[in-house]
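Heads up, the thing below is written out as structure tokens.
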Amino acid sequence: MRIGMIPQTVLEWFLSKMNVIPFPAEDTFVAMMQTRAIMAANRLGIFTSLAKGPASSAELARDLSCQIRGLEALLEAVKNAGYVVEQKGRYSLSPRARKWVTPDSSESVNWFIEFNYDNWERMGNLEESVKTGKSLDLHAQLLDITQWRRYLYGLHDLSRMAAKEIVLRRLVRSSPKLLLDIGGGHGGYSAAFCRAYPHLKSVIFDLPQAIEIGNEIIRKHYGDVTDRIEFKEGDITKDSWGTGYDVVLLMNVIHHFEPEQIRQIFGKIMGTINSGGVLLILDQLNNVNKSTSYLASMAELLFLVMTSGRSYRFDTVQDWLTEAGFKNIRLKNLRVGPGASVLAAEKS
Ligand SMILES: C[S@@+](CC[C@H](N)C(=O)[O-])C[C@H]1O[C@@H](n2cnc3c(N)ncnc32)[C@H](O)[C@@H]1O
């Protein structure tokens, strides 16, 4: 999958094939306006308000304390982007919006949309990062707990669907007893595994601010498995995370680190995991297929600005795993998150 202008008529299709449409103008101006319209509708509460039922623009303006002119402009934009439907002057949510952006939906990604306000700001450093090769240090710079909250609640939104699929794929064969979730932050993956394996306990290893938010999320969303999840504070590159694990998760973590650090992390996992144990790595890996390469190349720009890592090639990660001694390395592409892949590797 990819983002792009989609012709609506045969003539537009023909003109796009003839290369007479100024795609660079559309790809920048229109894409930017659509992105910002969806973010604003989310932040201003349009989706939340319409989740209660259809409303006219005047009713919405009153409910959300907005001026009618701006609100109608925003409604028109999100209507044309497919998020809102208008019938006889009343607005309601499209099925896409109802499922993905209303706070009451279990699949809502509205925190992730909020997190993109921070990414919007950060991407202002892209040209500087490309020129100088310097990155902001994401985890040192996110000092503000509000930003940590948007970051981890946002990733938690994405984890809910990915975790379900990863668990269903049965990449873990036996009945594991102890799981280590390195950089597990919000705890969504640990909770999904604990729900799937009734005797499983999980240790989430992360930075202190992430643990503060992770604790909050676990208590709020996963009361049924709270007593089987433990948080352990530390730095991946420096601290020990114990031994005796049957499963180790590295979900969206390797893209924060440099190749040498990743090789060290893989070596350290080898010393921590039981024989027959499984390491699962989730990331936007390059070089798997067209969708993963597209997403990985876009995500890489954020990694470039924010961290010293990158979207690594699948074969590179596979080589590092082999070098660390892992066997039976398998790759699965996620259906719910086109562009994300899971690598499973075993310690024999
Ligand atoms: C992109 S998030 C991934 C969160 C979760 N695993 C997921 O897939 O949604 C990266 C996580 O790694 C943690 N992290 C980054 N650098 C770390 C370090 N040096 N030591 C411990 N945790 C770290 C972050 O705090 C964050 O929770």
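The values are calculated or read from the model by the stated rules, or taken from the named source; none is laboratory data. Small disclaimer: the values here were computed from a predicted structure and weren't measured. All Cβ positions, even for glycine, are placed from backbone atoms using ideal geometry, and neighbour counts span all protein chains on display. Side chains are part of the model used for accessible areas, which takes the heavy atoms of the whole protein and leaves out ligands, DNA and RNA. Shrake-Rupley method; radii C 1.70, N 1.55, O 1.52, S 1.80 Å.
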Inset, instruction - At 7 Å along the Cα-to-beta-carbon direction for both residue 72 and residue 274, put a label point, then send me their distance in nm to one decimal. - result: 6.6
Legend entry - Computed Rg/Rh of the stretch 107-217, alpha carbon atoms with Kirkwood Rh: 1.05
Inset, instruction - Please report, in debye to the nearest 20, how large the charge dipole of the stretch 10-102 is about its Cα centre when each Lys and Arg carries +1 at its beta carbon and each Asp and Glu carries -1 there. - result: 360
Legend entry - the stretch 187-322: translational diffusion in µm²/s, Stokes-Einstein, Kirkwood Rh over Cα pairs, 10 °C, 1.306 mPa s: 99
Inset, instruction - With the cut-off at 24 Å, report for the stretch 10-102 the share of all Cα pairs above it, as a whole percent. - result: 29
Inset, instruction - Please give the per residue accessible area of the chain, computed with a probe of 1.4 Å over protein heavy atoms only, in Å². - result: 51
Legend entry - Too-long pairs where the Cα-Cα distance tops 22 Å, listed order kept, from 201/232; 131/290; 177/268; 232/268; 99/332; 79/220: 131/290; 99/332; 79/220
Inset, instruction - Only bridges with both residues in the stretch 190-348 count here: give the DSSP antiparallel percent, nearest 5. - result: 50
Inset, instruction - Round to the nearest 10 and give me the degree value, 0 to 90, for the angle of helix 145-168's Cα axis relative to the longest principal axis of the chain. - result: 70
Inset, instruction - Report, in deg cm²/dmol and to the nearest 500, the calculated mean residue ellipticity at 222 nm for the chain, where each DSSP H run with n ≥ 4 adds -39500 (n - 2.57) and the sum is divided by the residue count. - result: -14500 deg cm²/dmol
Inset, instruction - Report the full-extension gain for the segment residue 316 to residue 134: residue separation times 0.36 nm, less the Cα-Cα distance, to one decimal in nm. - result: 63.2 nm
Inset, instruction - With all distinct Cα pairs included, what does the Kirkwood hydrodynamic radius of the stretch 50-99 come out to in Å, to one decimal, could you say? - result: 10.7
Legend entry - Label-to-label distance, nm, for residues given as residue 165 and residue 32 (7 Å Cα→Cβ offset): 3.2
Inset, instruction - Can you tell me the equivalent ellipsoid semi-axes for the chain? Use √(5λ) from the Cα gyration tensor, largest first, whole Å. - result: 38, 24, 19
Legend entry - Within the accessible area of the chain (1.4 Å probe), percent carbon and sulfur: 54
